[in-house]
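For reference, the structure discussed in these notes is given below.
What follows is calculated from the coordinates using simple rules that are stated; it is not laboratory data. These numbers come from a predicted model, not from an experiment. Here the Cβ is made from the backbone with ideal geometry for all residues, glycine too, and neighbour counts use every protein chain on show.
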Number of protein chains: 2
Amino acid sequence: MRVELLTVGDELLLGDTINGNAAWLGRRLADHGVEVTRSVVVGDETDVIVQAAGAALERADAVITTGGLGPTYDDLTRDALAKAAGVPLIRDAALERRLRERAAASGLELEPMALRMAEVPEGAGLLRNTAGSAPGLRVELPGGVVYALPGVPFEMRTIMDEVVLPELAARAGRPEVARRTLRTARLWESMIATRLAPVEAMPGVKLAYLPDPAEVRIRITAVGPDARTLLADAEAGVHAALGDAVYGEGAEGLDRVVHRLLAERSATVAVAESLTGGLIGAELTAMPGSSATYAGGVVAYATELKHRLLGVPEALLAEHGAVHPEVAAAMAEGVRDRLGAAYGLAVTGVAGPEPQDGHSVGTVYASVAGPGGLLTVTMPRLPVPGAGPEIRPVIRRMTVVHALELLRRTLLGLDVDDAAREGRGVREETG
Amino acid sequence: MRVELLTVGDELLLGDTINGNAAWLGRRLADHGVEVTRSVVVGDETDVIVQAAGAALERADAVITTGGLGPTYDDLTRDALAKAAGVPLIRDAALERRLRERAAASGLELEPMALRMAEVPEGAGLLRNTAGSAPGLRVELPGGVVYALPGVPFEMRTIMDEVVLPELAARAGRPEVARRTLRTARLWESMIATRLAPVEAMPGVKLAYLPDPAEVRIRITAVGPDARTLLADAEAGVHAALGDAVYGEGAEGLDRVVHRLLAERSATVAVAESLTGGLIGAELTAMPGSSATYAGGVVAYATELKHRLLGVPEALLAEHGAVHPEVAAAMAEGVRDRLGAAYGLAVTGVAGPEPQDGHSVGTVYASVAGPGGLLTVTMPRLPVPGAGPEIRPVIRRMTVVHALELLRRTLLGLDVDDAAREGRGVREETG
């Protein structure tokens, strides 16, 4: 079962929109044992869509399109599929009624333009859209089937999960491919690849390295009739080679790992941020149920707020400035105590693009203050990959990972020196 | 001048990585008058890369590839381009020396695998990479030129800006297309499209609507010898139709608009967040120089912290719970006063996926407390597009936009009722 993705929209070619739909579809299909072999983006032109869909069905069994089903005149997927199938567009009375009802329920009049969403290629199957106005379409063409889904992510995902995935999974049968992604923080890609050479040499096993700032995910693919067993062996090999640098797997990022570890301890964390401006808190509140482990946070962006809101001694700030390991430690203790949490997590540093108070970009101190006076501080200079205006989001992202990994290692009682050897840090305990 | 993008990597097909490179390249090329006509993603297979590059050059003048230039065995773009050109890969001595020097400077030994990055197709041009290890490649094929760039965004962007864009712009000549994107908050796509029908009818003008949660960007494209004049006319038409709902243009998001408005007034803002967990602060600190206008923030996630950190009266919280317009107002005043900022911005509400204290998902109150007792509160129920676990990030994103738009309108003295008619809010002034 080979599937190609065909995403339609000038906004994607022009880069006004990032193609998150293709990524989501690829992940979801892989999870269901369906292989995406190519992903193509074309603009809003009927003939180009027709040509691209035909070419895709020469290579694959099914094509999933997203976009071009909305109400405006640049929404052309309906027209293209009718043309490809050699049928006219017809107005669907039930769809029209539903559109009018939805508008009325919102107290709005239906714009005449919105009626375009009631038009479908004759003979097409309608894929129920419980999340929005335009249904998806199923169109059978000579080379295979086209599923046309809306471009609005929320609607696309709903139709995919409720209708298309069950259909495709039924057609695909039992996969002979097994995959898992393991997640590491603060190791370098080439260092990981070297340590994993023995796993890489296993027949039927393929490794891929997915680097992000400060994180590398390792995707293991096992192929063959014993794919699942092989995958388990390969996974054990990765764990043996990398030890506790592997923090999790799949879609479970550091935020969720930390949340789980805190929940297991019935503990909460409070966060004091500066250069990240709230990103760490945003990360820790992304998942439902985060109020069980995240108490709150203080973003002490202006230096004097580090004293006023967190109790960092004024003398310390006057002597060393805001970017100093003792300031990070005082921030962690301050936020823990003032917010009444079990743990305090703090970061201070220079996100760039300019140096600050004599500290270079990427100088970041993180600290965890725990129960019973436990205090962990690392003093790394992050491995800054360059300079210029693009560096700021990279340093901020690295800082989030660095801080959450420090908290994870502290919660698990892991050696912080070990992490620090990669990140050039030290550990102190005052408890 | 037609360019196609060819992005290489299983991680993109599998959705482990979102194709942000393609979006960035599309934007950058459009800004330089170069049209991206198609964007294709293929997996890590040499023959597929060879085939896709050849097919692209049948349609376009140039192909830009990203990915597959790294040190590991799944990095196959070098091999594919050598095969497409019918030449061998050769080890470049200068590149090898540079790799060894870079490793030595970091105190690391060069992994043997990393030497793959010193191999290039014979006769290929090397595109200097000042941001990383692997250079880009320029390979001339029968149908046109291929620029091969690394997949690491930071390195790809650097080579693109420093080397490839100047080359392509020189080849492209003067564009007869002019584009601009205008940004609106809190209007619906179909409402905008209806109001803009007269602009849509202008010959040579094309409009596209790019919806995000709570924002719609309007891309105006003008084509023809008078493209620039036409664009200006169309832009005036959009402003006339939508008025002050247009908050900005191009890449300047609400965060930057608010930053600029505050800077013009030499004013600062402090932010009190709950359901957004720090996202508003993160947004306001994304740009360099944000310390001039952003003082800091408090994330009062736990209800009692709204009292302890922000001075929200305990009686108010006991009577109404945390999700109430008066709580938002007290949070805004509290954070303004405690952080010593000119303005306080606060949000409280329900991000979901579950209702909270009897309030449905998407119930969000935002408040701005300004100088001289000015107080603005809106009480909307956000136009929730659905339910389920996917709704949480949407509501959080909508809340950020809603809050920043409220601050913008307050700073500009615009009628908040007018915005509120869309978002169902009210305004109170106690000053």
To the nearest 10 degrees, the tilt of helix B:20-31 (Cα long axis) against the first principal axis of the alpha carbons of chain B is 90
Contact order normalised by residue count of chain B, Cα under 8 Å, 6+ apart, percent
10
Residue by residue through region A:271-286, what is 3J(HN,Hα) from phi via Karplus (6.51 cos²θ - 1.76 cosθ + 1.60, θ = phi - 60°)? Round to whole Hz and write x for glycine and proline.
10, 10, 10, 10, 4, 8, x, x, 4, 5, x, 4, 5, 6, 10, 6
For peptide B:33-44, how many partner chain Cβ atoms fall within 10 Å of a residue's Cβ, on average?
5
Given B:33-44, B:122-133, A:132-143, the highest-first ranking by average Cβ count within 10 Å works out to B:33-44, A:132-143, B:122-133
Here the whole-number average of other chain Cβ atoms within 10 Å per Cβ of A:72-78 is 3
Starting from a label point 7 Å past Cα on the Cβ side, list the distances from residue A:292 to the same position in the other copies, nm, shortest first.
4.6
Working from the pairwise distances between different alpha carbons, so that the mean of 1/r is found and then inverted, what is chain A's Kirkwood radius in Å?
24.7
Nearest beta-carbon to the A/B symmetry axis - residue in chain A, distance in Å
A:278, 1
For the Cα atoms of chain A, what angle does the longest principal axis make with the long axis of helix A:254-264, in degrees from 0 to 90, nearest 10?
70
Take region A:2-172, drop everything but the C-alpha atoms, weight them equally and run the Debye formula without solvent; then report log10 I(q)/I(0) at 0.17, 0.18 Å⁻¹ to two decimals.
-1.02, -1.14
Shielding of A:321-332 by partner chains, average beta-carbon count, 10 Å
0
Where a Cα-Cα gap under 24 Å defines reach, which lysines qualify for residue B:206, not counting those fewer than 8 residues away within the same chain?
A:83
Taking the Cα centre of chain A as origin, work out the dipole magnitude from +1 charges on Lys and Arg Cβ and -1 charges on Asp and Glu Cβ, in debye rounded to 20.
740
State the Kirkwood hydrodynamic radius of region A:177-249 in Å, one decimal place, computed from all pairs of distinct Cα atoms.
12.0
Shortest first, in nm, what separates the label point of residue B:233 from those of the same position in the other copies (7 Å along Cα→Cβ)?
7.2
Using amide H atoms built in the peptide plane, which far-off residues or other-chain residues are under 5 Å from residue B:381 H to H?
none
Can you order the peptides A:89-95, B:272-278, A:364-370 by their average number of other Cβ atoms within 10 Å per residue, highest first?
B:272-278, A:364-370, A:89-95
As I understand it, the value is the acute angle between the Cα axis of helix B:46-59 and the longest principal axis of the Cα atoms of chain B; what does it come to in degrees, rounded to 10?
80
Under the convention of a label 7 Å out along Cα→Cβ, give the distances in nm from residue B:260 to the same position in every other copy, shortest first.
4.5
